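*Asks:* Mind looking over this structure? Questions follow.
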Amino acid sequence: MIDFSELIKKSREERIKEQFKGTFLDYLEILKHEPSVCILAHKRMYDIIVRKGVEVINTTENPRLRRIYGNTVIKQYNFFKSDFFGINKTLMEIVKYFHSASMEGEECRQVLYLVGPVGAGKSSLMEALKKGLEESEAIYIIKGCPVREEPLHLVPRHLRNQFEEMLNVRIEGDLCPVCRYRLKNDYQGEFEKFPVQTIDFSIRGRKGIGVVPPVDPNNQDTSVLIGSVDISKLDLYPEDDPRVMSLNGAFNVGNRGIVEFIEVFKNEVEYLHAMITATQEKSIPSPGKGSMIYFDGIILAHSNEAEWNKFKADHTNEAILDRIVKVEVPYCLELDEEIKIYNKLLNKSKFTAHIAPHTIEIASMFAILTRLIASPKVDPLTKLKIYNGEEIVEKGSTKKVDIMELREESPREGMMGISTRFIMKSLDTSISESDHNCINPIGVLETLIKSVKDLSIREDDKKKYLNFLQDTIKKEYHKILEREVTKAFIHGYREQAEDLFNNYLDHAEAYVNKTKIKDKNTGEDLEPDEEFLRSIEEQLNIPDSAARGFRQDVTTYMFYVMRSGGKIDYSSYEPLKEAIEKKLTFSVKELSRVITRTKVRDKDQNEKYNAMVEEMKRSGYCDHCCNVILKYAANNLWKD
Ligand SMILES: Nc1ncnc2c1ncn2[C@@H]1O[C@H](COP(=O)(O)OP(=O)(O)OP(=O)(O)O)[C@@H](O)[C@H]1O
Ligand SMILES: [Mg+2]
């Protein structure tokens, strides 16, 4: 049994032990040994990100990534790795911003602004950064300071140069009005006695993390940003007394950490002026009549593209535009990565449904197809495969389509189309409507079709989307399915493939050497069975005139393999393997007829069927979806 009270007690003791409480003098001792404890907000964030590790992807060693990225250097940050997929470029830009800002370049005086379509992960990226802060080590603050300021602010101006040299740090910023008042009145200017403590970041506790939701345009009171004057205290103190201030605005709360503006451009421009001063001057107005208050924090903002365009078009906004580092957050365009997004979301949810192979793949395929911009060079599905790093040769030519050229054709690709949220909702619907707690590609395709029909989008987009679902993807799924069922079948009947192979070899050899074949049962000498040989060769469209040559090649090759000590089986010689598999696929067609007729299967057919089912189950099907899929295959594939 777990002793909860013991656990709680232990954890509390540990936290108290970790917590530092002392005077400013004690703090100086700590600083002397560890100057990094007084770093500024951007540097802290940068350290949090890179501390978890960076992997530089060597594209020369990975052909798939090489096809996608060419020679570009790709860095993968572990900080984002398990939660974000297919947006490497965006992540690299974000980290680059923090890197420059941490060196106290111009970026530390700029807003990091993310723009992208709905459901592309903007909020999640913000969330990740905020969580990063929460998990990082505690910071040192002046005890009781409403904006949790850096204790070094206590050092008076005339001593700063000396302190900076002795400690090997840079001191930036001045005391907030509240602490200035306390220093003068409570400590009589003896700043070394001021208490200092450590404190953690907390999203919910509004400690070091301030959030500004879009504000009602009729009530754009700046107190949300910079706090307010507490009217009830005006009877006690004069209006410019720091004790009347409630420093609880987002900039006060987010000092040393993050201030996040959600849907930033929904706010009035005047309202955004606090943002300008905060970035450019690193200070914000105090409520009431007080002086400016030093601010050190990361300002994050995000919105969709329409809002950005509207805002950008207005010339009066130039001052703000000049202080923004814009990073685009497009949708993922890599199939394999898109699949990971839904697997992540499904793993986080409480759904326990079984998911048949290729289900997420089919849904992801749809998402990406809607996001791609048509190219005269390739059809949409081929483009999808190229973007996914698959080796593609254009039909009827040996020239490869250049991925860089495709990208250049449509620089805005990824900024529109179906959102992750739409796909996720469709998957959820599919799951909740499934009767055996199991979803499969066929059901999901149907749900997607229904959901697209309900969308209020342009008619021609709708038509295009439906065409993807009902034609492009369906056909592609049929190909995948045919390959899969055949594989299950051939695997279950490897013996059958071997039988065909051995027979073919015997007869071909006899034919080439003009000998006879001994019947295993009767011992009778038989002529090689040309009809049988042709039935295999026809699978490869080998004409009568070329049959002899093919048989010769096969026998010579097998002879050569055996002589050099190799073992032969049906897959030894690629063309023959292909022919045998095709012949077997043909048997699958016949078998497909029995799949649907449970009652008339004979014993032999039943055995074959069961072996196939077992193989399908090994590759991830459950009893239910295996049944559904096989029936679907029987009815929709192999139709003559
Ligand atoms: N590239 C991606 N990698 C991982 N997860 C993603 C990606 N894109 C979207 N998601 C997931 O999709 C969901 C929706 O994303 P999120 O809410 O962050 O989007 P948003 O850009 O803020 O959208 P909105 O503009 O509607 O606010 C989240 O659960 C997010 O984790
Ligand atoms: Mg959002």
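The values are calculated or read from the model by the stated rules, or taken from the named source; none is laboratory data. Since the structure is predicted, the reported quantities are computational estimates derived from the model, not experimental observations. Virtual Cβ from ideal backbone geometry, glycine too; neighbours counted across all protein chains shown. Quick note on the areas: whole protein, heavy atoms, side chains included, nothing else; ligands and nucleic acids left out. Shrake-Rupley method; radii C 1.70, N 1.55, O 1.52, S 1.80 Å.
*Asks:* Return the residues of the stretch 422-437 that are touching a residue at least 12 places away in the same chain (Cβ under 8 Å), of a type outside the set (S, T, N, Q) and more than 14 Å from Ile360 (Cα to Cα); say none if nothing qualifies.
*Replies:* Glu433, His436
Yes/no per residue for (1) buried (at least 16 other Cβ atoms within 10 Å of the Cβ); (2) among the small types (Gly, Ala, Ser); (3) more than 17 Å from Val147 (Cα to Cα):
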{"position": "Gly210", "(1), (2), (3)": "yes, yes, no"}
{"position": "Leu236", "(1), (2), (3)": "no, no, yes"}
{"position": "Phe251", "(1), (2), (3)": "yes, no, no"}
{"position": "Arg256", "(1), (2), (3)": "yes, no, no"}
{"position": "Val259", "(1), (2), (3)": "yes, no, no"}
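*Asks:* Report the residue count in the stretch 123-143 for those that are touching a residue at least 40 places away in the same chain (Cβ under 8 Å) and within 16 Å of ligand 2 (Cβ to nearest atom).
*Replies:* Counting residues in the stretch 123-143 that are touching a residue at least 40 places away in the same chain (Cβ under 8 Å) and within 16 Å of ligand 2 (Cβ to nearest atom) gives 8.
*Asks:* Looking at (1) under 19 Å from Gly70 (Cα atoms); (2) of a type outside the set (Lys, Arg); (3) modelled with pLDDT under 95; (4) crowded, with 18+ Cβ neighbours inside 10 Å, which one does Leu384 not meet, given that it meets all the others?
*Replies:* Here Leu384 clears every test but (3).
*Asks:* Give me a count of the residues in the stretch 603-621 that are surrounded by 17 or more Cβ atoms within 10 Å (Cβ to Cβ) and in a loop (DSSP other than H, G, I, E, B).
*Replies:* 1
*Asks:* Right, here's the next one. Only residues that are surrounded by 17 or more Cβ atoms within 10 Å (Cβ to Cβ) and of a type in the set (Lys, Arg): list them for the stretch 320-349, please.
*Replies:* Arg323, Lys340 - these are the residues of the stretch 320-349 that are surrounded by 17 or more Cβ atoms within 10 Å (Cβ to Cβ) and of a type in the set (Lys, Arg).
*Asks:* Of all residues being on the phi > 0 side of the Ramachandran plot and within 22 Å of the chain's Cα centre (by Cα) in the stretch 406-438, which is least open to solvent (accessible area, probe 1.4 Å)? Just the residue, please.
*Replies:* Looking at the filtered set, the residue picked out is Gly414.
*Asks:* Which of the helices (runs of 4 or more DSSP H) found entirely inside the stretch 439-512 contain at least 3 residues meeting this: surrounded by 17 or more Cβ atoms within 10 Å (Cβ to Cβ)?
*Replies:* In the stretch 439-512, 441-454, 474-492 are the helices (runs of 4 or more DSSP H) which contain 3 or more residues that are surrounded by 17 or more Cβ atoms within 10 Å (Cβ to Cβ).
*Asks:* Hey, another quick one. Restricting to the stretch 45-62, give me the number of residues that are assigned to a helix (DSSP H, G or I), open to solvent by 80 Å² or more (accessible area, probe 1.4 Å) and either in contact (Cβ under 8 Å) with a residue 60 or more places away in the chain or of a type in the set (Val, Ile, Thr) (or both).
*Replies:* Total satisfying the criteria: 0.
*Asks:* Can you name every residue in the stretch 187-196 that is in contact with a Phe, Trp or Tyr (Cβ under 7 Å, 6 or more places away or on another chain) and not in a helix (DSSP H, G or I)?
*Replies:* Tyr187, Phe194, Val196
*Asks:* Additional query: Which residue, of Met92, Met103, is over 20 Å from the mean Cα position of the chain (by Cα), aliphatic (A, V, I, L, M) and farther than 22 Å from Met416 by Cβ?
*Replies:* Met103
*Asks:* A further question follows. Would you check if Glu164 is part of a helix (DSSP H, G or I), surrounded by 14 or more Cβ atoms within 10 Å (Cβ to Cβ), of a type outside the set (Phe, Trp, Tyr) and within 16 Å of ligand 2 (Cβ to nearest atom)?
*Replies:* Taking the combined requirement at face value, the residue does not satisfy it.
*Asks:* Touching a residue at least 12 places away in the same chain (Cβ under 8 Å), buried (at least 22 other Cβ atoms within 10 Å of the Cβ), within 16 Å of ligand 1 (Cβ to nearest atom) and of a type in the set (Phe, Trp, Tyr) - does that describe any residue in the stretch 191-207?
*Replies:* no
*Asks:* Quick check: anything in the stretch 177-186 of a type in the set (S, T, N, Q) and outside any helix (DSSP H, G or I)?
*Replies:* no
*Asks:* Criterion first (open to solvent by 50 Å² or more (accessible area, probe 1.4 Å), touching a Ser or Thr at 6+ places or on another chain (Cβ under 7 Å) and aliphatic (A, V, I, L, M)) does Met245 satisfy it?
*Replies:* no
*Asks:* Tyr181: surrounded by fewer than 19 Cβ atoms within 10 Å (Cβ to Cβ) and either touching a His at 6+ places or on another chain (Cβ under 6 Å) or among the hydroxyl-bearing types (Ser, Thr, Tyr) (or both), yes or no?
*Replies:* yes
*Asks:* Shifting gears a bit: May I ask you to verify whether Val56 is at pLDDT 85 or above and touching a Lys or Arg at 6+ places or on another chain (Cβ under 8 Å)?
*Replies:* Yes; evaluated as a whole, the condition is true for this residue.
*Asks:* With the checklist (1) open to solvent by 20 Å² or more (accessible area, probe 1.4 Å); (2) of a type outside the set (Lys, Arg); (3) in contact with a strand residue (DSSP E or B) (Cβ under 7 Å, 6 or more places away or on another chain) in hand, flag the one item Leu129 doesn't pass.
*Replies:* Result: Leu129 passes all but (1).
*Asks:* Given the options Tyr113, Tyr97, name the one that is assigned to a strand (DSSP E or B) and either among the hydrophobic types (A, V, I, L, M, F, W, C) or surrounded by 17 or more Cβ atoms within 10 Å (Cβ to Cβ) (or both).
*Replies:* Answer to the check: Tyr113.
*Asks:* Moving on. Among Leu133, Leu112, Leu65, which is the only one that is closer than 24 Å to Glu34 by Cβ and away from ligand 1 (no atom under 11 Å from the Cβ)?
*Replies:* None of the other options fit; the residue is Leu133.
*Asks:* Which residue is nearest to Val118 (Cα to Cα), if the candidates are limited to the stretch 275-306 and must be hydrophobic (A, V, I, L, M, F, W, C), more than 16 Å from ligand 2 (Cβ to nearest atom) and surrounded by 22 or more Cβ atoms within 10 Å (Cβ to Cβ)?
*Replies:* Ile299
*Asks:* Just the residues that are over 25 Å from Arg44 (Cα atoms) and within 16 Å of ligand 1 (Cβ to nearest atom), please, taken from the stretch 304-329.
*Replies:* Asn304, Glu305, Ala306, Glu307, Trp308, Asn309, Lys310, Phe311
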